[in-house]
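What follows is a short report on a single structure.
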Amino acid sequence: MADFQSNKNTPSLAVQPTLSAAGFNESPQEQTERLLRDISRYDFNAFSDRLRFLHHQFTNPSLSQEDLWKSYLLAGCEMFSMEEAGFYKVLNPTRPRSLAQSDGMPTMCETVENTEKWLENVGLALQNSEISAGNLSAEQVTMTTGSGEEYIPTRQYFAASVKVGEKDFGVLLFLSSSTSEVEPGELDRETLKLMAEGVARMIELRNVQPAGGSLDLEHFATDGVSGLREYMERAALPQLYGIPNRVVEILVERIGTQPLGIDHIAETLNLSKRTLQRRLQQQDLCFADIRDQVRFHFAIEYLIRGQDSIDSISSSLDFSDRTSFTNAFKRWTGLSPSTFRKLFRDYA
């Protein structure tokens, strides 16, 4: 990855001197340089490294909330080839295009002529879309040409709506003096969406924790995504007794080698399918739920510790195909198997 400073000036953060992770006073520029050194470890051309970066922000105990905010803005500039960034809060929920710089959140946006008009245009563009990109003029200046009137673009922008509690809370905005006509690709759009969800999570944490408090390290940068330890706990084999416990034991024995259908398990227990179902119901259990938990447990193991392909794992877990496994894994975790593996394999 090219050095962040090789093709653009180091962004100037509009914040006061702060304490570093080591506890020493550092200037905004020193803090920026420290965060850039950390960011330089990632290859943001690879989506897997973008995910690792976002995950690292919420699992690194040395990061203060101030560091977290700044590193988000700095990394976003690097990912999207932008020069300025900031978060702007919705002033009036009934008028989402009414935005203003939010107090307490660092910005890398320099003063732009007619900022209010700028923000209104960006807010308007986001009224019917989570993500918006394009070129806007600070004044929406028009000029007369041979073909009629046209806008003179002065900034390229890439922005995402930030929702907290299902309500429009603000806008995560990245700016560049370039007026490239190249549309952000799907990779950039997906990344910005994840970052906006991360900002929403940061806002929620700031609202429930005292200033200077540490972050809840079990949460990741997107809503509903947790730390590896929580997934491991949720995927633990069920502790049952009697027939249900024998079902678990047989499923574990057959994983990766034999079918996991209820008919096969009942046969091993010398029971009919109907009798097995009735015995499970007596403890308010059902076979499908027990099998799902066993599959979940081994899916986590295979994904973060094994080298098998997703297709091979789905076959080992006795799914009919990869799509069925992916749908089940998303139901369990909210993530696809491939995304889960990219996020957590290096942390196991």
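The values are calculated or read from the model by the stated rules, or taken from the named source; none is laboratory data. It should be emphasised that the depicted structure is a prediction, and the values quoted were computed from it without experimental measurement. We place every Cβ from the backbone using ideal geometry, glycine too, and count neighbours over all the protein chains shown. The area values use the complete protein model at the heavy-atom level, side chains included, leaving out ligands, DNA and RNA. Shrake-Rupley method; radii C 1.70, N 1.55, O 1.52, S 1.80 Å.
Has the stretch 292-307 got any residue that is aliphatic (A, V, I, L, M), part of a loop (DSSP other than H, G, I, E, B) and open to solvent by less than 20 Å² (accessible area, probe 1.4 Å)?
Looking through the stretch 292-307, none of the residues is aliphatic (A, V, I, L, M), part of a loop (DSSP other than H, G, I, E, B) and open to solvent by less than 20 Å² (accessible area, probe 1.4 Å).
Going through GLU267, GLU249, GLU230, GLU253 one at a time, which residue ends up being under 30 Å from ARG201 (Cβ atoms), open to solvent by 40 Å² or more (accessible area, probe 1.4 Å) and of a type in the set (D, E, K, R)?
Being under 30 Å from ARG201 (Cβ atoms), open to solvent by 40 Å² or more (accessible area, probe 1.4 Å) and of a type in the set (D, E, K, R) holds for just one of GLU267, GLU249, GLU230, GLU253, which is GLU230.
Spot the failing condition for SER62; the list is (1) assigned to a loop (DSSP other than H, G, I, E, B); (2) at pLDDT 50 or above; (3) open to solvent by 70 Å² or more (accessible area, probe 1.4 Å), and only one is missed.
Exception for SER62: condition (3).
I'm trying to understand the selection: among the residues of the stretch 66-87, which are farther than 20 Å from ASP188 by Cα and either modelled with pLDDT under 65 or open to solvent by 20 Å² or more (accessible area, probe 1.4 Å) (or both)?
GLU66
Report yes if some residue within the stretch 205-218 is basic (Lys, Arg) and either surrounded by 19 or more Cβ atoms within 10 Å (Cβ to Cβ) or at pLDDT 90 or above (or both); otherwise report no.
no
For the stretch 325-348, what are the residues that are open to solvent by 40 Å² or more (accessible area, probe 1.4 Å) and either free of Cβ contacts under 8 Å to residues at least 40 places away in the same chain or hydrophobic (A, V, I, L, M, F, W, C) (or both)?
Hits for the stretch 325-348 are ASN327, LYS330, ARG331, SER338, ALA348.
Look at GLN258 and say whether it is assigned to a loop (DSSP other than H, G, I, E, B) and either under 27 Å from the mean Cα position of the chain (by Cα) or surrounded by fewer than 16 Cβ atoms within 10 Å (Cβ to Cβ) (or both).
yes
If you take the residues of the stretch 308-328 that are among the small types (Gly, Ala, Ser) and part of a helix (DSSP H, G or I), which of them is nearest to the chain's Cα centre (by Cα)?
Result: ALA328.
Among what's in the stretch 278-287 and is without any contact (Cβ under 8 Å) to a residue 40 or more places away in the chain and under 16 Å from ASN245 (Cβ atoms), pick the residue that is surrounded by the most Cβ atoms within 10 Å (Cβ to Cβ).
Per the criteria, the residue is LEU280.
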